[in-house]
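Q: Dropping the structure in here first, questions after.
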Amino acid sequence: MGSTSPPAIPVADDCKPPKKRTTWCSDQQSVQSHGGISALPDDILIKILSLMTIREAALTDCLSTRWRHLWKKVKNVILDKHNFGMQTIANPNIHENSDLLNSEATEFVHKVNRVLHHHSGNGIEKFEVKFPLSSTHASDLDRWIAFAAASSAEKIFISLHDKHDIGAPQQSEPYKFPLKEFADMRDYCWLRVLFLSMCSLETVPTNLSGFSHLESLSLNCVSIVDEVFLNIASSCHALRELWLKKCNQLIHVRISNSQLVAMEVNGCKSLISINVHAKKLEEFSYMGHKVDIEYECAPVLSELNVHFVKRNECPLDCIGTLPALQTLTMQFPSRLQESHVLHHNGRFTGLKEMVLCLMKSWGKSIISVVYLLKAAPLVETLTLEVYDNIRPLRPLNIIWPEDFTAEALHTIRIGGFSGEPELVDLLFFLLGRSPVLKTLLVYTQRRRYQGYNRWQRYRWTPEDMKRRYYARGVAFTLLAPKVPPTVKLTIS
């Protein structure tokens, strides 16, 4: 691209702003321009306008000649239903409301074209389009992306879905994101963040120089194959964060990047293997079915999240040898057997924090938690997130290991507690074997890992309130009397 000026966005005659009539207010423009907020410098006024929706900012052009063109220089161009004052369809069923949805899409495209036709296209910090569009609107979307690229936008967010259809199959071909707009851009493209959702990436240009400064890349429900991903990743020399979610055409993901710090792969159904070569990688997270994960080079990886979702798959098999590992989060769809823990002994010697998500009742297998702690003698914080239902308290007769002491353990947190007998027995045992324990937190509220280091609480239901009421009763009557005065107990 030889020119840096944004492409012209065609606009129909009926989209152009109407000529303003002379009113008493317009006669007072000279007065307004000399006092109040109008006396502030342009850059400050533009920052203020950038905090508004694009529709609200555009309305200020009728205040006075001083304001007439300021909104055209706003730094954040956010284009969605809310910012245009468009109403959301109550029942977004594509079969029942296809005509209405098409009409709404036409209206949205019309409004976006009008805004971009009048915007100066200079100094854009954030450019965002959030609306369920597809390849049907490719010509308009191409112009919008070209506008954002030529405007040297620092952050580009393209979300071509509605919150109701993010998991549903698309009814038409996904939009092909035009990577060519970021080729041969030399030094004037400063794209730092790129988020794409519900589109596809195909042909990669030879010189994708527009991605050379990219620090964060998020692909959500994006159609992309291994070779295309590898070519794109090789052009992102400054990449620090990489997020791949529901990219179901990926099979073998390989990433080699000297600047990468954080990476997450979530719900990619066809994935078989992941190979990571990133000497600065500090955080890695995987959620989905069992895959082969090879940490070819990850010497400073300190935080690892492995969440398996299929029965009889054990996240311990994806840990590897990570000398700098300090925080480990694992989700177990099935019970963990003691023998499996012993097989991985010696891999957790530097671990400081352990989070275990138990999707099913463990019964006597809860003893495996103790063997995990035994394999990680420096663990200071233990968290258990459990998802069981109310079960009657009964003796389990678990034979706990005699040669165990949690020398460094000072905090235990139980989330989603339902009064499980094995958890009660485990806590009794740890209370007697943790000499420096200071805090015991027992929460009945459940939460689930959502990716991107976020946890989401379960919604309230009458049945869940009964479960929580019962669990608090168990905690107060059985646990509380056994907690020594040196340990602070919280039950919620």
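Q: Just to confirm, what accessible area per residue do you get for the chain at 1.4 Å probe, in whole Å²?
A: 48
Q: Across bins of 10 angstrom width beginning at 0, how are the C-alpha pair distances of segment 361-405 distributed, in whole percent?
A: So the P(r) values, bin by bin, are 20, 48, 29, 3.
Q: Please work out whether segment 215-307 counts as rounded, prolate or oblate from its C-alpha gyration tensor, where a ≥ b ≥ c are the square roots of the eigenvalues and a/c under 1.5 means rounded, while otherwise a/b larger than b/c means prolate and anything else oblate?
A: The shape class here is oblate.
Q: Under the classification rounded if a/c is under 1.5, otherwise prolate if a/b is larger than b/c and oblate if not, where does the chain fall, given a ≥ b ≥ c as square roots of the Cα gyration tensor eigenvalues?
A: prolate
Q: Here's a follow-up. For segment 394-471, what does the alpha-carbon gyration tensor say about shape, rounded, prolate or oblate, given a ≥ b ≥ c as the root eigenvalues, a/c under 1.5 as rounded, and a/b over b/c as prolate?
A: Judged from the Cα gyration tensor, segment 394-471 comes out oblate (a/c at least 1.5, b/c at or above a/b).
Q: Expressed as a whole percentage, what fraction of the accessible surface of the chain belongs to carbon and sulfur atoms when a 1.4 Å probe is rolled over the protein heavy atoms?
A: 51
Q: Counting other Cβ atoms within 10 Å, which trypsin sites (Lys or Arg not before Pro) in segment 287-379 have at most 13 and lie in a DSSP loop?
A: Within segment 287-379, the qualifying trypsin sites (Lys or Arg not before Pro) (loop, at most 13 other Cβ atoms within 10 Å) are LYS310, ARG311.
Q: Return the loop-located GluC sites (Glu not before Pro) in segment 376-452 (DSSP other than H, G, I, E, B) with at most 10 other Cβ atoms within 10 Å of their own Cβ; answer none if there are none.
A: Passing sites in segment 376-452 are GLU402.
Q: Next question. Using the crude model of +1 on Lys and Arg Cβ and -1 on Asp and Glu Cβ, and no other charge, please compute the dipole size for the chain relative to its Cα centre, in debye to 20.
A: Dipole magnitude for the chain comes out near 1320 debye.
Q: Still on this structure, I have one more. Can you tell me what share of the DSSP beta bridges in the chain is antiparallel? A percent to the nearest 5 is fine.
A: Here the share of antiparallel DSSP bridges comes out near 5 percent.
Q: By accessible area of protein heavy atoms, probe 1.4 Å, what ranking do LYS47, LYS111, LYS438 get, highest first?
A: Sorted by accessible area, descending: LYS47, LYS438, LYS111.
Q: From the residues THR349, VAL309, PRO395, which one has its Cα farthest along the dipole of segment 281-404 in the positive direction, the dipole being from +1 and -1 charges on Cβ of Lys/Arg and Asp/Glu about the Cα centre?
A: Of THR349, VAL309, PRO395, it is PRO395.
Q: Can you work out the Karplus-derived ³J(HN,Hα) for every residue in segment 108-125? Use 6.51 cos²θ - 1.76 cosθ + 1.60 with θ = phi - 60°, whole Hz, and x for glycine or proline.
A: For segment 108-125, the Karplus-derived couplings read 5, 4, 4, 5, 5, 4, 5, 5, 5, 5, 9, 6, 5, x, 10, x, 6, 8 Hz, x marking Gly and Pro.
The values are calculated or read from the model by the stated rules, or taken from the named source; none is laboratory data. Quantities reported herein were computed from a predicted structural model and do not represent experimental measurements. Cβ sites come from the backbone with ideal geometry, for glycine too, and all protein chains shown count toward neighbours. Surface areas here come from the heavy atoms of the whole protein model, side chains and all, with no ligands, DNA or RNA. Shrake-Rupley method; radii C 1.70, N 1.55, O 1.52, S 1.80 Å.
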